[in-house]
Every structure is written in C-alpha cells, then in structure tokens.
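Scroll down for the structure; my scribbles are underneath it.
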Amino acid sequence: QQSSVTQCHAAAFAASSTPGKVEADFSAAFDAMSRYLTYSDPALRLNEVHKINDWPPCFRPVPLFGPEEKFRPYLARGAYKGASLIFCGGRFVTGQLENSVSTVLMTLLPGIYYFNRVLPEAPLLLAGFVGTAQSALGTAILASFFLAAFVNPGIVPRNSQVPQELEVDPRGRPAARFLRISGITVKQKFCHTCLVLRPPRSKHCSFCDNCVLRFDHHCTWLGTCVGLHNYRYFVCLVYSSTIFLMLCIYAVFCIFNEHAIQFSGEDYGILEWFIAVGEEPLLILFLVYCLVLLVAVLLLSIYHSVISLQNLTTNEHVKSYYRENPFNFGVFLNCLQIYCHPDFVLADGMDTVEAGSSPFGSFSEGMSFDEA
C-alpha cells in the first residue's frame with residue numbers, strides 16, 4: 001500500500017517513466033506549494049530530469065484560503081500527528097501557546113502605557129507625524145504578530161509508513177537521496193519521524209514535532225516555527241517594531257527636553273536636564289525597556305535583511321549548509337521570491353527536478369541535513 005504523499009504524485013510521475021536521462025514536462029496540475037512535495041516524492045525516477053515549464057499558479061494566502069488540497073487530509077482533525085494545535089482546517093497553528101501569551105503581555109502592556117501616559121505628554125507629537133505613524137505601526141505590529149504566531153508555517157504531511165519505492169542503506173533504513181538544483185548537488189535526507197524525504201530547505205522541528213517547509217527557525221517568543229507561510233509576517237513584525245521603538249525613544253527624549261525647559265528654562269544645562277529626567281522614574285524605566293528591545297529587533301532587522309539578499313534561511317546560514325547556494329538568483333529575484341512569491345521553490349519560478357542515489361558532481365553538503 002502506497003503512502004498518502006506517494007499517492008498524490010504517482011499518477012503525475014507516471015508520465016516520466018522513460019528510462020535514462022530525459023526531460024518530462026509537467027503541467028500546471030501542480031499547485032504552488034505542492035512543488036516542494038514534487039522534489040521529495042519517493043516515486044520520482046532517479047537520474048532523470050523532470051522539468052516543470054508552467055509558471056506556478058497564483059499564490060493564495062493560507063489564512064484566507066487554507067492549505068492546498070494535497071496538505072489538507074493530514075491537517076484534518078484526527079489525522080495530524082505533531083505536537084502543535086491545528087485550527088480552521090490547517091489555516092492556523094500554535095505550538096507553545098503560553099509563549100505567545102507571555103510575549104503579548106510583555107509588549108502590549110508597555111504599549112498601552114505609552115499611548116495612554118507617555119505620548120499625551122507631547123501633544124504636538126501626538127497630533128503630528130509621530131502619533132499618526134505610531135498608530136499605523138502599532139496596528140501593523142499587532143496584525144503581523146498574530147499572523148507570524150498563528151499562521152501555519154508550512155507543515156509537511158507525514159506518511160504512515162516508509163514508502164516502498166525508497167532505497168535502503170545496509171542497516172535497512174531509507175537511504176539519503178541527492179538533488180541537483182541550479183547545477184549544484186545537495187543532500188536530501190529522510191525524516192525518520194515523519195517518514196518522508198524532506199522537501200527542499202525543510203527541517204524537522206523538535207519543539208513542534210513537524211517537518212516545516214523552508215524552515216527558518218523556531219521562535220521561542222512566538223511559540224511556533226517560522227517557515228514558508230509566516231516568514232514574511234515575521235519580518236514585517238521585526239521591521240515595524242524597530243521603527244516603532246525608534247519613534248518611542250525619540251518621543252521620550254522630546255518629553256525629557258520639555259520637562260527640562262519647564263524646570264530651568266530654554267537655556268538649561270546638562271545638570272538641569274538630568275535633574276528634570278530624574279523626576280520621571282517610570283519614563284526612565286520605559287526608556288530602558290525600549291532601548292533593550294530596540295537593540296534586539298534592530299539586530300534582527302539587519303540580520304534578516306542580509307540573509308534575504310542572499311536567499312538563505314536562518315537555519316541554512318547558521319549551519320553553513322552550502323558551499324555554493326543553489327537558491328541564490330541575485331538580490332532582486334531573491335527578495336521578489338521571499339516577500340512576493342514564496343510559492344516558488346526557485347527564485348526564477350522554473351523548476352527542474354533531478355534526483356539520484358549518489359552526488360552528481362559539484363556537491364554542497366546541506367539541505368535537510370539534520371537527523372530528526
């Protein structure tokens with residue numbers, strides 16, 4: 001009996017059954033995200049080139065339309081086997097809910113204090129650009145936090161048994177497979193928990209007990225994985241938080257200056273400024289809080305900007321997966337793929353699937369390399 005993932009693709013790959021190295025053109029029957037499953041299909045004939053010439057169909061946001069058809073059976077109630085909680089047919093997922101709640105409390109309460117006690121002390125700022133911008137940024141932060149924390153990051157369906165089509169190593173375990181992507185050979189390992197060959201750039205998260213598409217990292221503050229479906233929301237959260245905190249710090253210093261003027265007049269000195277500041281212990285505490293958070297999110301903003309330009313995930317970058325990155329198509333296409341077309345496996349949108357039981361030539365140790 002074939003596994004559920006195998007059954008989804010067996011008919012499609014039957015068209016490419018000619019032995020040897022041939023090109024098989026696949027039609028648009030492949031859904032956008034299902035292209036990732038194409039790379040890990042156990043029925044894929046080895047040492048053949050399978051080219052998908054059709055442009056991927058329009059990507060539909062998971063929170064609105066739900067996961068694609070091939071992902072839905074596993075995410076249905078009673079079928080899912082991971083450690084996360086699944087809601088709304090796989091649209092929303094939560095891993096460690098207590099982490100998400102604690103993060104909300106740690107950020108929302110200071111935010112309420114800022115809008116109700118701090119910003120009103122500077123009426124010109126409140127009525128001007130700073131007040132308007134921070135209201136918009138506050139809304140963006142809340143929305144992006146919810147989406148980053150609860151949107152399905154890209155859970156890969158499990159198999160109920162090891163696919164019979166896979167080769168086994170001398171120990172009787174499914175052997176690793178090799179993919180040639182952009183002319184570079186990358187190792188593709190078998191996940192012994194999910195019983196699947198991991199799709200490109202995926203990883204098994206030990207916290208959530210899921211293989212996740214385009215796994216970036218497991219975020220303790222969000223209580224979930226950051227992956228294919230929610231990475232854009234995570235980056236939006238980091239960027240908007242960085243700008244928001246900068247404006248908070250600017251507003252606090254404006255208020256300190258106003259207090260110094262009230263205390264000593266417009267020609268106040270540094271000593272008078274510190275004396276005026278010392279009269280506001282809660283504001284000082286809030287400033288320290290903002291500075292600490294700003295350092296954290298600013299570093300994250302810079303880091304994710306850098307790896308996005310190189311089309312790397314945090315997991316790939318930290319573990320130095322690639323000697324040569326097969327997913328790097330230049331700054332413009334990299335950013336276009338990550339932030340506008342996450343449905344693309346390759347940034348140019350044209351997939352050529354080629355798998356083998358041994359390296360093809362130029363070898364880059366990496367993708368899906370960790371054991372579950």
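The values are calculated or read from the model by the stated rules, or taken from the named source; none is laboratory data. All figures in this text were calculated on a predicted structure; none of them were measured in a lab. Here the Cβ is made from the backbone with ideal geometry for all residues, glycine too, and neighbour counts use every protein chain on show. These accessible areas exclude ligands, DNA and RNA; they are computed on the full protein's heavy atoms, side chains included. Shrake-Rupley method; radii C 1.70, N 1.55, O 1.52, S 1.80 Å.
Descriptive notes on the structure:
- Meets criteria (open to solvent by less than 10 Å² (accessible area, probe 1.4 Å) and in contact with a Pro (Cβ under 6 Å, 6 or more places away or on another chain)) for ASN230: yes
- Subset of the stretch 69-124 that is over 24 Å from ALA148 (Cα atoms) and open to solvent by less than 30 Å² (accessible area, probe 1.4 Å) - its residue that is modelled with the lowest pLDDT: ALA122
- Among the residues of the stretch 282-307, those that are under 24 Å from ASN116 (Cα atoms) and surrounded by 13 or more Cβ atoms within 10 Å (Cβ to Cβ) comprise LEU283, ILE284, PHE286, LEU287, TYR289, CYS290, LEU291, LEU293, LEU294, VAL297.
- Meets criteria (open to solvent by less than 40 Å² (accessible area, probe 1.4 Å), part of a helix (DSSP H, G or I) and either closer than 20 Å to PHE344 by Cβ or not acidic (Asp, Glu) (or both)) for LEU137: yes
- Verdict on PHE256 being open to solvent by less than 20 Å² (accessible area, probe 1.4 Å), assigned to a helix (DSSP H, G or I) and not aliphatic (A, V, I, L, M): yes
- Answer from LEU228, LEU179 - the residue that is under 16 Å from ILE155 (Cα atoms) and modelled with pLDDT under 95: LEU228
- Here CYS211 meets the list (1) farther than 26 Å from GLY138 by Cβ; (2) free of Cβ contacts under 8 Å to residues at least 24 places away in the same chain almost entirely, failing just condition (2).
- Test: residue in the stretch 272-281 that is under 30 Å from HIS218 (Cβ atoms), open to solvent by less than 20 Å² (accessible area, probe 1.4 Å) and among the β-branched types (Val, Ile, Thr): no
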